[in-house]
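Okay, structure first, notes after.
Taken together, the values in this text are just the output of simple stated rules run on the coordinates, not laboratory data. In this text the structure is predicted, and so the values were computed from the model without any measurement. Ideal geometry is used to build each Cβ from the backbone, glycine not excepted, and the neighbour counts take in all protein chains shown.
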Amino acid sequence: MATEIKAPTFPESVAEGSVAAWHKKQGDSVERDELIVEIETDKVVLEVLAPEAGTLSEVMAEEGDTVQSEQVLGRIGEGKASGGENKGGNKSEKKADAKADQKAATNSDAKAEKSTGGGKQHQVKAPTFPESIQEGTVATWHKQVGEAVKRDDVLADIETDKVVLEVVAPADGALAEIKAEEGSQVESQAVLAIFAEGAGSAATAADKTPAASSDDGAGDEKVGDKILAPAARKMVAEHDLDVSKIDGTGKGGRILKEDVQKAVNEGSAKKAAKPASAPKQAATTPVVEGERPERRVPMSRLRKTIAKRLVEAQQTAAMLTTYNEVDMGAIMDLRAQYKDTFVKTHDVKLGFMGFFVKAASEALKRFPDVNASIDGSDIVYHGYQDIGVAVSTDRGLVVPVLRDTDSMKIADVEKGIVDFGKRARDGKLGIDEMQGGTFTITNGGIFGSLMSTPIINPPQTAILGMHKIQERPMAVNGKVEIRPMMYLAVSYDHRMIDGKDAVQFLVTIKELLEDPARLLLDV
């Protein structure tokens with residue numbers, strides 16, 4: 001009995017989609033849950049997986065056709081799925097071998113076949129950008145034309161005004177042609193390069209052959225005139241080292257893991273800067289020499305967006321800031337008492353941000369106006385607390401969002417912030433992780449700021465600024481004591497939030513932090 005292949009259920013805001021690509025042809029065998037077709041909408045590309053194993057018996061919506069939610073795209077009939085062995089052998093392997101033999105027989109130019117690998121060519125396209133992103137910039141090509149790559153290896157990075165998106169290899173092979181150089185502007189689904197399946201595989205196989213024949217080198221790989229053990233090869237990739245600068249102490253000059261570790265410790269095998277990039281850098285960043293040198297560089301897309309949003313926030317919001325100070329003694333004592341136990345239990349350090357996020361979550365529940373956002377002439381009240389945490393990177397400031405912080409434990413908050421920080425610096429944050437926050441916390445104290453005025457992150461209506469902990473003389477019960485104090489600042493949109501509510505909101509955070517037991521007792 002035939003099984004229907006249906007389009008996914010589209011979100012409410014998506015009316016229809018189009019068939020972007022069929023990954024299987026009529027008559028091909030498919031496995032259960034194997035990717036069979038992609039549906040492109042105006043926001044995302046949706047994958048349709050095979051509901052059952054069998055044979056693609058009918059295609060009812062061709063590539064480029066417009067389809068509705070839950071529309072039948074094709075049918076899967078009963079049949080032997082690919083990957084199975086029978087008396088006649090593996091059909092898919094025989095078919096592939098026959099196709100390869102036919103291509104080799106008809107290709108009279110041996111050199112051309114070697115350079116292309118005799119494989120199918122693909123267009124390498126930019127990712128489908130979300131609706132809020134118009135274009136991106138080709139930031140880096142990680143592979144060059146002719147360089148052998150594996151399926152899903154990163155070929156290039158596309159920098160947008162929010163995140164860096166990775167473009168991966170569609171198969172084993174090599175780049176045949178690069179159509180969009182580094183620094184060029186590209187739109188969604190723009191063709192970046194031409195990719196040839198199998199290209200570079202012959203050279204790779206030849207490099208590996210000598211290593212495989214060594215006495216104790218099963219799994220070794222030859223790179224240039226060096227032979228690497230599997231563990232050494234992995235460490236070289238992790239640290240991005242120049243293999244030619246590493247001396248092998250194994251049999252026949254084989255590079256062992258210990259050799260790579262020694263090179264890492266000594267710093268003697270770092271890759272030199274690519275010479276090809278020097279002229280390009282000089283062209284885009286001219287330096288005026290002399291006693292008063294200058295250097296002009298183009299503003300990054302992320303930096304442009306940050307500048308635009310900050311100016312818009314000040315132009316559109318009736319922004320006001322209220323200040324207070326908090327005695328951090330209780331929290332510092334708590335951290336000192338439980339920091340070792342906390343690390344052993346949760347495998348993450350106990351910082352200050354977990355307390356601030358939990359205190360802000362509780363205060364947001366008590367003052368829903370501060371947790372609201374403005375959408376045109378409407379006010380949107382959120383029945384949940386999604387708090388964005390500002391993270392500084394070399395590219396600029398990004399604000400990933402912790403979801404449902406009211407139900408998170410302090411350990412969950414700390415783990416989430418550590419993960420966000422690492423991935424933000426590596427450019428691995430997703431767009432969805434930086435959208436939809438209801439409130440933001442920024443910590444200038446880690447850079448030594450004693451007091452500042454944070455700027456609202458629209459369409460949110462408030463933001464909390466943390467600052468440096470400074471020991472100051474304070475009057476405590478009629479006596480002067482030296483206490484660890486921190487200035488807090490809440491900037492708020494006066495169109496939405498009255499001064500009384502903003503002040504009481506900040507006082508609530510102050511009280512919760514100065515007596516952390518309130519967070520447990522909900523008082």
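Here are the numbers:
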quantity	calculated
Dipole moment magnitude, nearest 20 debye, region 323-405 about Cα centre, only Lys, Arg, Asp, Glu C-beta charged	320 debye
Surrounding net charge for residue 169, when Lys and Arg each add one and Asp and Glu each subtract one, Cβ distance under 11 Å	-3
Relative contact order of region 302-521, pairs being alpha-carbon contacts under 8 Å that are 6 or more residues apart, as %	30 percent
Contour minus Cα-Cα distance for residue 292 and residue 142 (0.36 nm per residue)	50.4 nm
Residues 9, 55, sorted so that the one with the fewest Cβ neighbours within 10 Å comes first	9, 55
Burial order of peptide ranges 175-184, 60-69 (average beta-carbon count within 10 Å, highest first)	175-184, 60-69
Peptides ranked, highest mean first, by Cβ atoms within 10 Å: ranges 19-31, 384-396	384-396, 19-31
Residues in region 123-160 that a label on residue 23 would reach, taking backbone N under 15 Å of a point 7 Å out along Cα→Cβ	151-153
Exceeding the 29 Å Cα-Cα cut-off - candidates 150/257; 415/468; 262/339	262/339
Magnitude of the charge dipole, region 115-197, Cβ model with Lys/Arg +1 and Asp/Glu -1, debye to 20	300 debye
Pairwise FRET efficiency - residue 472 versus residue 189, Cβ, R0 = 60 Å, nearest 0.05	0.55
Sorted by Cβ density within 10 Å, fewest first, the residues 187, 159	187, 159
Share, in percent, of DSSP beta bridges within region 115-197 that are antiparallel, nearest 5	95 percent
Prolate/oblate/rounded label for region 440-506 (Cα gyration tensor, a/c 1.5)	oblate
Three-way shape label, region 3-77, alpha-carbon gyration tensor, a/c 1.5	prolate
